[in-house]
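Here's the structure, in structure tokens; my notes come after.
Rule-based calculations on the coordinates, nothing more; no lab input. Quick caveat, the model's predicted, so the values are computed rather than measured. Here the Cβ positions follow ideal geometry from the backbone for every residue, glycine too, while neighbour counts run over all protein chains shown.
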Amino acid sequence: MARRWLGQVDAMRPVKQVGVVSTHSILFFAPAAATVGSGAALLLLHVSREGFFFISACMLTCAYADLFLPDAGGLGRFYRRRCVSVLIPYVCWNVIYFLYLLPTAHYASAAAALGHLAFLLAVGYYQLYFLLVIMQFYLVFPLVLILLRRTRGHHGLVLAVAAAAQVAIAIATHWGLFPALMLRYAQQDALSYLLYLIGGSVVAFHLDQVHAWVCTHARLILFLTFVAGLVAEGIYFLAQDGVTSVLGSGSDPFQPSVIAFNIGAITCGYLAGVALVKPGRSARTRSVVRTGSEDAYGIYLSQMLFIIALTWLGWGKLSSVVPWPVLCLLTVGIVFACAIALTSLLARTPLAVPLTGRKQVPWPRPRLRSRLQLRESTGPVFVPAELAGVAGEKNGS
């Protein structure tokens, strides 16, 4: 499999982050009176986590499909790079959130504080469990790669088995059929996202065919995703009204009623990525896409700093005068702007790798312009910037 830049998959990153930040904004700032409406929104927004794992698996497989070739560097090189891009940022940001919340934590003793820090490192602070899941996938990725290479021509069967397992796992998790420990840490367990991890790797093996089919059937995909969303919401409201909860209930992401929507939504995200990197896009659009893609990992890592700060400032009280959907949309805008600014700053410091997962980038240098250029300039100049990068080699994929 040739190594190449997957612009359309890379452009899915900021789209996915909108879903992540929207989910957390609703969880923190939707008022208690809006439980039914916010739950309905969360039911569909939870797809952002499945999208994260699909993108990560797809980019990883494209980047390391030749992992076992003599000149590929072997498992040692693979795990060193994964450690730098994911494990180190994971540890650093757990410590950052621990220190950030320390003034309001009121631990009984230093030992209690250190014990909580150890717990955070074990399970991940709030959104950081995403990285625990992807690190589990890294551990078994060589085996997944071997499996997919040995089952060439039968990847449809592999997907069918993964889909059946995903439905069974979702049922067992949602209805509490697993042991208590597994249920408690279901969101940290890679098995909970089996279809999306395996699916991302399979898609990477057949990307050209998948791309052609998806682009050819875009309207059908949009329609079926819309229908799947309506079905999931219908099941949600049936459970809310006490009619039946057999097919699912609440906004829990681990229920079979949302699997079809999740698949459709991820595919729609791919179509959005295709549209964002379509040839002929303006320099401004390409610049925005590039920034969103490069900073997506930093947005994911740092977002809770700003959501927590907004709670400290009493932002949630505005829900009494501002409709909660509008308040949450404003929150998403504020968090994105602040997280992009922080990520751009950190990426230009020696802490770029541990805090953003990116290599350090130089500070921009002012460009000298001649007097003639200044006289002829009639407005801002947007210099086209080629979106560059190797699949899976940035942003913690």
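List of remarks:
- Computed about its Cα centre, the charge dipole of region 50-175 is approximately 300 debye, with only Lys, Arg, Asp and Glu carrying charge at their Cβ.
- Across region 22-102, the convex hull enclosing all Cα atoms gives 99 Å³ per residue.
- Look at the dipole of the chain built from charges on Cβ: of Cys338, Phe306, Pro179, the Cα furthest out on the positive end belongs to Cys338.
- Peptides ranked, highest mean first, by Cβ atoms within 10 Å: ranges 264-273, 83-92: 264-273, 83-92
- Distant-in-sequence amide contacts of His46, defined by a placed amide H-H separation under 5 Å and a gap of 5 or more residues or a different chain, comprise nothing.
- One entry in [x] 0.99; [y] 1.03; [z] 0.97 is Rg/Rh (Cα atoms, Kirkwood Rh) calculated from the shown coordinates; its label is [z].
- Projecting the Cα atoms of Gln166, His217, Ser245 onto the charge dipole of the chain (Cβ charges, centred on the Cα centre) puts His217 farthest toward the positive pole.
- Helical segments meeting 18 Å axial Cα length and Kyte-Doolittle -1.0 threshold in the chain (DSSP H): 12-29, 47-64, 88-105, 110-123, 129-150, 155-174, 218-240, 259-276, 283-312, 324-346
- Dipole magnitude of region 204-299 about its Cα centre (Cβ charges: Lys, Arg +1; Asp, Glu -1), debye to nearest 20: 580 debye
- Relative packing of peptides 181-190, 165-174 - highest average C-beta neighbours within 10 Å first: 165-174, 181-190
- Cα centroid of region 186-214 to Cα centroid of region 5-20, whole Å: 15 Å
- Selection from Thr291, Ala118, Gly19 lying farthest towards where the dipole of the chain points positive, charges on Cβ: Thr291
- Nonlocal Lys pairs with alpha-carbon distance under 23 Å, the chain (8 or more apart, or different chains): 5
- In units of the rule-of-thumb radius 2.2 N^0.38 Å, region 37-166 shows an alpha carbon radius of gyration of 1.36.
- Among Ser344, Ser201, Ser249, Ser109, the order by Cβ neighbours within 10 angstrom, fewest to most, reads Ser109, Ser344, Ser249, Ser201.
- Relative contact order (%) - criterion: Cα under 8 Å, at least six apart; region: the chain: 33 percent
- Legend: calculated FRET efficiency, Tyr79 to Val321, from the Cβ-Cβ distance at R0 = 51 Å, rounded to 0.05, equals 0.45.
- Descending semi-axes in Å of region 190-335, equivalent ellipsoid built from Cα gyration tensor: 29, 27, 16
- Within-15-Å neighbourhood charge of Ile146 [Cβ basis; K, R +1; D, E -1]: +2
- Note that region 146-212 shows a convex hull volume over its alpha carbon atoms of 98 Å³ per residue.
- Residue separation of Leu87 and Val140 scaled by 0.36 nm, minus their Cα-Cα distance, works out to 17.5 nm of gained length.
- With eigenvalues of the C-alpha gyration tensor scaled by 5 and rooted, region 197-268, Å: 29, 14, 6
- 10 °C / 1.306 mPa s Stokes-Einstein diffusion coefficient of region 307-361, Kirkwood radius on C-alpha pairs, µm²/s: 124 µm²/s
- Span from the region 249-282 Cα centroid across to the region 64-115 one, whole angstrom: 28 Å
- Computed about its Cα centre, the charge dipole of the chain is approximately 1500 debye, with only Lys, Arg, Asp and Glu carrying charge at their Cβ.
- Site pair Met182 and Phe223 shows an inter-label distance of 4.0 nm when each label is modelled 7 Å from Cα along Cα→Cβ.
- Between region 300-335 and region 125-182, the C-alpha centres lie 33 angstrom from each other.
- Expected 222 nm ellipticity per residue - DSSP helices of 4 or more, -39500 (n - 2.57), all of the chain, to 500: -22000 deg cm²/dmol
- Potential extension, Gln360-Phe68 segment - 0.36 nm per residue separation minus Cα distance: 102.2 nm
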